[in-house]
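The values are calculated or read from the model by the stated rules, or taken from the named source; none is laboratory data. On a predicted model such as this, the values are computed, not experimentally measured, just so you know. Cβ: placed from backbone, ideal geometry, glycine included. Neighbour counts: every protein chain shown. Heads up: the accessible areas ignore ligands, DNA and RNA and are worked out on the full protein's heavy atoms, side chains in. Shrake-Rupley method; radii C 1.70, N 1.55, O 1.52, S 1.80 Å.
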Amino acid sequence: MGAFKRIDMTQAQPIRLKQPIGVRIKLGRPAPFDPLAPVLGRLCELEVRLARSRAELREAQQLRYHVFYEEMNAKPSAFQRMTRRDRDVFDKFCDHLLVIDTTRPAGSRIVGTYRLLQQDKAALAGGFYTAGEFEIDGLISRHPGARFLELGRSCVLKSYRGKRTVELLWQGIWAYVKQHRIDVLFGCASLSGTDLTALEAPLAFLRENAPPPEDWRVSAVPGRRARVAGSVSCLDPKRALASLPPLLKGYLRIGGYVGLDAVVDHQFGTTDVLVIMPVKNIKARYVQHFDTEGTRSAA
């Protein structure tokens, strides 16, 4: 949810997203950066917090470019290649969660990031990013009054990838969820590669172990649903679980649902599934672990 960012406590209303993904309604002003955004968690030299300035957003976009386009071989546009930044129209409406290594030189301290898009900000942006792949409008309409938060554009510098960095990101997300009274988290999670035959085992594992109940099911956008062999069973669950990306395994651990459809993203060279996490369903031990109230650091 190959994809988690500003302060507005206004009660969001359900929105229906019908316009094509390429049509964006640029209304209102994006939320300003908070130069005093507090640290949400610490782990030795690492800390997690929201971006405090446009300069930090640019640095996060540079990290995203490095990971997605240089390391993972996504296909950049000419403008992205020229600026060496992964950016789109959603960025200015999002909050940007950052993991910062305080020992690194200025300008290279951001080692992890997540993009967070609240429901009311998505209305200003013309919809959620995920709506380009999955029919999110139906999900929202089935849960009137719930506050939705889209998680996306997640990436971590290769040398920092591991359980502790992921936990630090989740500590920041949980603090954000509490502050903004979020009810539902969702977003695309990406499996590396577009060869559906090679991905049959992990996709079967997800279908068998994390299917959403009827009320939380979401179909792929017409024309984008991947032709996955739904009759294939996962014969080696342990191996299939081990092959999943760390963030997707984290979603499963805390109690997330994974949609039954998959979408191939040729630009990023991935196969995407939709992850949905009603906050009330998050397992108690993880709530206790991440419910820091600013008084403890990530373990």
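Confirm whether Q80 is of a type in the set (S, T, N, Q) and within 20 Å of A122 (Cα to Cα).
Answer is no for this residue.
List every residue pair whose Cβ atoms sit under 6 Å apart, with the two residues 6 or more apart in sequence or on different chains, where the first one lies in segment 74-87 and is under 17 Å from S154 (Cα atoms) and the second, anywhere, is part of a helix (DSSP H, G or I) and open to solvent by 50 Å² or more (accessible area, probe 1.4 Å).
These pairs meet every condition: R85/Q62.
Of all residues being closer than 20 Å to Y65 by Cα and over 13 Å from the mean Cα position of the chain (by Cα) in segment 121-161, which is most open to solvent (accessible area, probe 1.4 Å)? Just the residue, please.
K158
Output the residues belonging to segment 205-246 that are under 25 Å from G162 (Cα atoms), outside any loop (DSSP other than H, G, I, E, B) and open to solvent by less than 30 Å² (accessible area, probe 1.4 Å).
F205, L206, A240
Out of all the residues in segment 141-168, which are under 20 Å from A284 (Cβ atoms) and among the hydrophobic types (A, V, I, L, M, F, W, C)?
Result: V166, single match.
Condition check: in contact with a Phe, Trp or Tyr (Cβ under 7 Å, 6 or more places away or on another chain) and buried (at least 21 other Cβ atoms within 10 Å of the Cβ). Does L98 satisfy that?
Spelling it out, it is not the case that L98 is in contact with a Phe, Trp or Tyr (Cβ under 7 Å, 6 or more places away or on another chain) and buried (at least 21 other Cβ atoms within 10 Å of the Cβ).
Which numbered condition trips up H180, out of (1) within 18 Å of the chain's Cα centre (by Cα); (2) of a type outside the set (S, T, Y); (3) open to solvent by 10 Å² or more (accessible area, probe 1.4 Å)?
Condition (3) is where H180 drops out.
May I ask you to list the residues in segment 255-292 that are at pLDDT below 90, open to solvent by less than 40 Å² (accessible area, probe 1.4 Å) and closer than 21 Å to Y160 by Cβ?
F290, T292
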